[in-house]
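Okay, structure first, notes after.
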Amino acid sequence: MLPLTLYIHIPWCIKKCPYCDFNSHAVKTELPEKRYIDTLLSDLSQTIDKYEINRPLNSIFIGGGTPSLFKPESFELLLRGIAKQIELKPDLEITLEANPGTFESNKFAEFRTLGINRLSIGIQSFNDTLLSRLGRVHNSNEAIRAVEIAQQSGFENINLDLMFGLPGATLAEGHHDIATAIQLQPKHISYYQLTLEPNTYFHKFPPKLPHDELIYNTQQIAQALLAEHGYQQYEVSAYSQQGFQCQHNLNYWQFGDYLGIGAGAHGKVSLSLPNPIIRTCKSKQPEHYLNSLNLPADEHLLASKELPIEFVMNHLRLKQGFTPASYEAATGLNMATLEPALSSCLDTGLLVYQNGFYYCSDDGWNFLDNILEKFIV
C-alpha cells in the first residue's frame with residue numbers, strides 16, 4: 001500500500017514576489033479564514049468519498065502563499081476537522097510554511113500546541129540588499145528573529161529556505177548566507193537556485209544574474225559547508241541533519257500518493273492496479289474555489305506511456321535513486337519500459353547501478369535535465 005499524505009494550499013500572502021510562480025495572491029481585504037477552512041474540510045470530504053480513500057495520513061503539509069497569516073484558531077478548526085474524516089498516523093509530521101514578516105511569539109507557540117511540529121521558513125537570504133532585489137518584505141534581522149521565535153516556541157524541526165544565484169550576488173555573499181543559516185542550527189535547509197519561471201515578473205523583466213561559473217562555485221562552497229556541519233544532501237535541493245528529512249516531500253519524490261485541497265492544490269491518487277493513476281488540480285482563483293465546491297477537480301489519468309518519466313523525474317531527484325521493485329510496484333510496469341533510456345544513461349555514466357539501486361552519478365546529478373529528456377516518449 002502506497003503511503004498517503006495531504007497537501008493544503010493557503011493562497012494568500014502579504015506581497016507577490018517577482019520570482020514566485022506559485023498560486024499566491026496578495027492580501028487586499030480581510031482574509032476569509034472561517035469560510036476558507038470550512039471549504040477545505042468540505043473539499044477533503046468530497047475527495048475522500050470520490051476516490052474511496054481508506055488509508056491513514058503519513059504527513060500534512062500546509063503551504064502557500066503564506067499560511068502563517070491565518071490565526072491559530074483557524075488551524076485548530078482545520079486540524080480537528082481533518083482528524084474526524086481520516087485516520088492520522090501517531091507520528092504524523094505536520095509542516096506549516098511561514099515567512100519572517102508574520103512571526104509573533106504567542107501565535108507560533110499556539111501553532112506548536114496544536115500539533116504542528118515542523119516549520120518551513122522562507123528566508124531566501126540574510127543580505128538586506130539581496131532581499132530587496134527579490135522583493136521580500138522582511139530584512140535580515142527579522143529573518144534571524146523569526147528562527148529564534150520558532151525555537152523559543154518549541155519547534156525543534158525547522159527548515160530554512162535559501163536561494164543562490166541571486167541578482168548581483170557575490171561569492172562572499174553566498175557564503176555568508178549559508179554560514180548564517182548553519183549558525184542558526186535548523187534541522188533542515190532547502191537550498192535552491194533562483195530560476196526565472198514563466199508567468200512571473202522576473203521572467204518578463206529579467207534581472208541580471210551571476211554568470212554560471214560563479215553560481216556553480218557558490219553552490220559547491222555551500223555544499224561543502226553543509227556537509228562539514230552534518231547536513232546530508234538527500235535530494236537535489238534538500239539537506240538535513242540525521243533523521244530530519246522532510247517526510248512529506250520524500251513521499252512526492254518516491255512517487256507516493258497525496259491528496260490536494262485548497263485553491264490550486266494538486267493531488268495524485270493511485271487506484272488499485274491495473275487501474276489508472278490520477279492527477280488532480282483544484283480551481284486556482286480563491287474566490288472561484290470558495291464558490292465552486294461542488295464542481296469536479298481537473299483530472300488527468302496518466303497513460304502507461306507517461307508513467308516512466310513521471311516515476312524517474314521524481315525518484316532521480318533523490319540521492320538513493322530507485323530499485324526495480326519500487327518502479328514495478330508504483331507503476332505496474334516492468335523494467336523493460338525504461339529502455340532504451342536506462343541503458344543509454346548507464347553506458348554514458350550519467351546513471352549508476354549499484355547494490356540494487358539506480359541513481360545519478362556525480363555528473364548525472366549536475367545534468368539531471370539531460371537524463372530526464374531521454375525518458376520522454
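Tabulated data
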| read-out | value |
| --- | --- |
| Residue check for Ala222: touching a Gly at 6+ places or on another chain (Cβ under 7 Å), at pLDDT 95 or above, closer than 25 Å to Asn249 by Cα and not assigned by TED's automatic domain parsing to the domain that holds Ser361 | yes |
| Pairs, first closer than 14 Å to Ala263 by Cα in segment 23-48, second polar (S, T, N, Q), C-beta under 6 Å, six or more apart | Glu33/Ser74; Ile37/Ser74; Leu44/Gln85 |
| Ile309 vs. criteria assigned to a strand (DSSP E or B), hydrophobic (A, V, I, L, M, F, W, C) and in contact (Cβ under 8 Å) with a residue 60 or more places away in the chain | no |
| Single condition Leu196 does not satisfy, out of (1) outside any strand (DSSP E or B); (2) of a type outside the set (Phe, Trp, Tyr); (3) out of contact with any Pro (no Cβ under 7 Å at 6 or more places or on another chain); (4) farther than 24 Å from Ile94 by Cβ | (3) |
| Which listed residue, of Ile116, Ile144, Ile178, Ile123, is more than 28 Å from Leu214 (Cβ to Cβ), in the same structural domain as Leu79 (by TED's automatic domain parsing) and of a type outside the set (Lys, Arg) | Ile116 |
| Residue list for segment 174-193, restricted to those being in a strand (DSSP E or B) and either free of Cβ contacts under 8 Å to residues at least 12 places away in the same chain or of a type in the set (Phe, Trp, Tyr) (or both) | Tyr191, Tyr192 |
| Qualifying residue in segment 80-91 (condition: under 22 Å from Lys34 (Cβ atoms) and touching a strand residue (DSSP E or B) at 6+ places or on another chain (Cβ under 8 Å)) | yes |
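Per-residue answers, yes or no, for (1) out of contact with any Cys (no Cβ under 7 Å at 6 or more places or on another chain); (2) closer than 27 Å to Lys16 by Cβ; (3) buried (at least 18 other Cβ atoms within 10 Å of the Cβ):
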{"position": "Ile158", "(1), (2), (3)": "yes, yes, yes"}
{"position": "Asp161", "(1), (2), (3)": "yes, yes, yes"}
{"position": "Gly165", "(1), (2), (3)": "yes, yes, yes"}
{"position": "Lys187", "(1), (2), (3)": "yes, no, yes"}
{"position": "Gln193", "(1), (2), (3)": "yes, yes, no"}
{"position": "Pro198", "(1), (2), (3)": "yes, yes, no"}
{"position": "Leu214", "(1), (2), (3)": "yes, no, no"}
{"position": "Thr218", "(1), (2), (3)": "yes, yes, yes"}
{"position": "Glu228", "(1), (2), (3)": "yes, no, no"}
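The values are calculated or read from the model by the stated rules, or taken from the named source; none is laboratory data. None of these values were measured; they are calculated from a predicted model. Counting neighbours? That spans all protein chains shown, and the Cβs are built from the backbone with ideal geometry, glycine included.
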